[in-house]
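Contents: one structure, followed by commentary.
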Amino acid sequence: MTSLHRRFPCVVDMEAAAKRRMPKFVHDYLIGGLGRESSVRRNVASLDTIELMPRYLSEAPAPDMGITLFGKRFDAPFGVAPLGLAGLLWPGCEVPLAKAARAHNIPHVLSTFANRAMETIGPIVGDNGWFQFYPPNDPAMEEDMIGRAARAGYETLVLTVDIPAPTRRERDIRNGMSVPPVLDLKTMFQIATHPHWARHVLRNGIPDFENLSPYYPKGSSLQESAAFVGRTMTGHLGETRVRRIRDAWNGRMLVKGVLDVSEAQAYMALGADGLIVSNHGGRQLDAAPTAVSVLPGIRHALGPDVLIAADGGVRSGLDVARYLALGADFVLIGRPFVFASAAVGAEGGGHLMTILKAELSGAMAQLGCRTVADLPSFLHAPRAN
Ligand SMILES: Cc1cc2nc3c(=O)[nH]c(=O)nc-3n(C[C@H](O)[C@H](O)[C@H](O)COP(=O)(O)O)c2cc1C
């Protein structure tokens with residue numbers, strides 16, 4: 001057992017170390033939601049309530065965690081969720097995360113709001129990479145970004161539909177967390193007392209929105225570029241825009257941020273190749289349902305053949321099994337990959353992927369489950385008295 005495994009055997013350990021190593025205003029941005037943050041808590045708590053029934057009588061050979069999505073075989077049914085500003089949360093984490101996803105042969109989703117450009121990450125991640133698209137409200141820029149994603153080698157577009165309006169995240173308001181962060185005495189003190197993070201900023205440079213910087217006026221300050229992003233990336237998508245993006249993109253398109261059964265059906269009718277059931281990590285609407293609560297209904301309505309992913313609250317390989325038992329084909333995982341990067345460094349993402357695979361494989365072995373497709377048959381639905 002390596003010392004890394006002894007120090008960080010699971011997400012909880014990495015989460016605690018990340019809290020110590022990140023300045024508070026950055027850490028709050030990562031973990032926070034809005035309002036009373038009940039949606040963030042429910043995402044994790046709802047998974048805890050999902051019980052799986054182990055069976056011991058049948059012989060089950062070693063579990064096979066592999067899945068095939070769009071004709072490509074992946075080694076495990078989880079991937080790295082898109083995380084905007086990941087390069088500010090833990091500076092320099094984006095390239096190692098992309099490399100680790102490729103090495104572990106799992107999907108990696110690069111955010112439109114990433115701090116490294118799709119032209120940089122695309123070639124690194126190869127056909128493990130998908131590009132997450134927040135469409136700008138400028139059609140020429142939309143068309144240009146779609147063309148760039150294809151030229152960067154991406155074949156799968158993840159169209160996120162759940163940020164129609166700016167959110168009020170109270171932690172960020174209190175902390176002066178904006179782009180650029182308010183540098184008052186409080187934040188300066190937090191930076192000075194977190195030298196690891198500060199050193200990483202110095203080494204990697206002040207993070208910019210590299211996917212969007214070609215569209216700001218040249219020489220824009222960080223403040224001006226953030227204002228541009230705020231103005232441009234907002235508004236409901238609506239059917240016309242979804243259809244236009246569908247027509248412009250020649251590859252596969254997944255819609256992320258779906259919670260409502262009838263909208264799930266509508267996105268499929270508009271030409272989506274699959275859906276990601278998600279409440280955005282509890283960051284958009286504190287009353288939004290969890291993916292856990294709506295996923296079974298969406299699976300039931302759409303049938304077994306539609307590709308459905310889910311995310312929110314996954315903190316272990318067992319949680320991955322729980323989502324699959326509820327009907328997901330695969331899951332995305334967000335915050336834990338930043339916890340891992342902050343706690344461990346450049347090897348953190350790969351370490352977390354190793355841990356998640358071991359946890360999932362262990363859970364499947366304990367259940368007596370041979371393939372991930374069999375997981376729904378292990379869902380335990382207690383009978384009402
Ligand atoms: C800091 C942060 C930034 C995020 N940025 C994006 C983004 O740019 N695009 C997107 O589609 N989702 C974004 N999300 C949502 C995640 O992709 C994912 O849905 C969510 O984190 C899943 O919940 P989890 O963090 O509990 O795993 C972000 C989430 C966090 C925590």
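Readers should treat all values here as calculations from the given coordinates under stated rules, not as data from a laboratory. Quick caveat: nothing in here was measured; it's all calculated off a predicted structure. For neighbour counting, all protein chains shown are included, and Cβ atoms are generated from backbone atoms with ideal geometry for every residue, glycine included.
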| message | Being more than 24 Å from the chain's Cα centre (by Cα) and without any contact (Cβ under 8 Å) to a residue 60 or more places away in the chain: is that true of PRO180 here? | response | no
| said: Please pick out the residue among ARG322, ARG315 that is within 30 Å of MET253 (Cβ to Cβ), in contact with a helix residue (DSSP H, G or I) (Cβ under 7 Å, 6 or more places away or on another chain), in contact (Cβ under 8 Å) with a residue 40 or more places away in the chain and surrounded by fewer than 24 Cβ atoms within 10 Å (Cβ to Cβ). | reply: ARG315
| said: I'd like to check something: does the range 310-327 contain any residue that is among the β-branched types (Val, Ile, Thr), within 11 Å of PHE78 (Cβ to Cβ), touching a Leu at 6+ places or on another chain (Cβ under 9 Å) and within 13 Å of the ligand (Cβ to nearest atom)? | reply: yes
| remark: If we ask which residues in the range 8-53 are under 20 Å from the mean Cα position of the chain (by Cα) and farther than 25 Å from LEU88 by Cβ, their number turns out to be 7
| query | Assuming ARG73 fulfils every condition listed in (1) surrounded by 13 or more Cβ atoms within 10 Å (Cβ to Cβ); (2) away from the ligand (no atom under 16 Å from the Cβ); (3) under 26 Å from VAL292 (Cα atoms) apart from one, which condition is it? | reply | (1)
| task | Considering (1) within 16 Å of the ligand (Cβ to nearest atom); (2) at positive phi; (3) out of contact with any strand residue (DSSP E or B) (no Cβ under 7 Å at 6 or more places or on another chain); (4) not polar (S, T, N, Q), say which one GLY303 fails and leave the rest. | result | (1)
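For the range 126-138, enumerate the residues that are within 16 Å of the ligand (Cβ to nearest atom) and not aromatic (Phe, Trp, Tyr).
Residues satisfying the conditions are GLY129, GLN132, PRO135, PRO136.
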| said: So, in the range 330-354, exactly how many residues are of a type in the set (A, V, I, L, M) and either away from the ligand (no atom under 15 Å from the Cβ) or closer than 16 Å to LEU47 by Cα (or both)? | reply: 6
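A quick yes/no check of all residues on (1) within 16 Å of the ligand (Cβ to nearest atom); (2) buried (at least 17 other Cβ atoms within 10 Å of the Cβ); (3) in contact (Cβ under 8 Å) with a residue 60 or more places away in the chain:
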residue: THR234; (1), (2), (3): yes, no, yes
residue: LEU237; (1), (2), (3): yes, yes, yes
residue: ASP260; (1), (2), (3): no, no, no
residue: ASP273; (1), (2), (3): no, yes, yes
residue: SER278; (1), (2), (3): yes, yes, yes
| message | I'm told MET268 meets every condition in (1) more than 16 Å from the ligand (Cβ to nearest atom); (2) in contact (Cβ under 8 Å) with a residue 40 or more places away in the chain; (3) not aromatic (Phe, Trp, Tyr) except one. Can you identify the failing condition by its number? | response | (2)
| task | Go through (1) within 16 Å of the ligand (Cβ to nearest atom); (2) farther than 18 Å from SER278 by Cα; (3) part of a helix (DSSP H, G or I) and name the single condition ARG41 misses. | result | (2)
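Does ARG283 qualify as being touching a helix residue (DSSP H, G or I) at 6+ places or on another chain (Cβ under 6 Å), more than 21 Å from THR156 (Cα to Cα) and within 13 Å of the ligand (Cβ to nearest atom)?
no
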| request: Mind counting the residues in the range 329-361 that are without any contact (Cβ under 8 Å) to a residue 60 or more places away in the chain and under 18 Å from ILE276 (Cα atoms)? | output: 0
| said: Against the conditions (1) touching an Asp or Glu at 6+ places or on another chain (Cβ under 9 Å); (2) free of Cβ contacts under 8 Å to residues at least 40 places away in the same chain, where does VAL95 fall short? Just the number, please. | reply: (1)
| field | Verdict on LEU110 being within 16 Å of the ligand (Cβ to nearest atom), more than 26 Å from VAL292 (Cα to Cα) and hydrophobic (A, V, I, L, M, F, W, C) | value | no
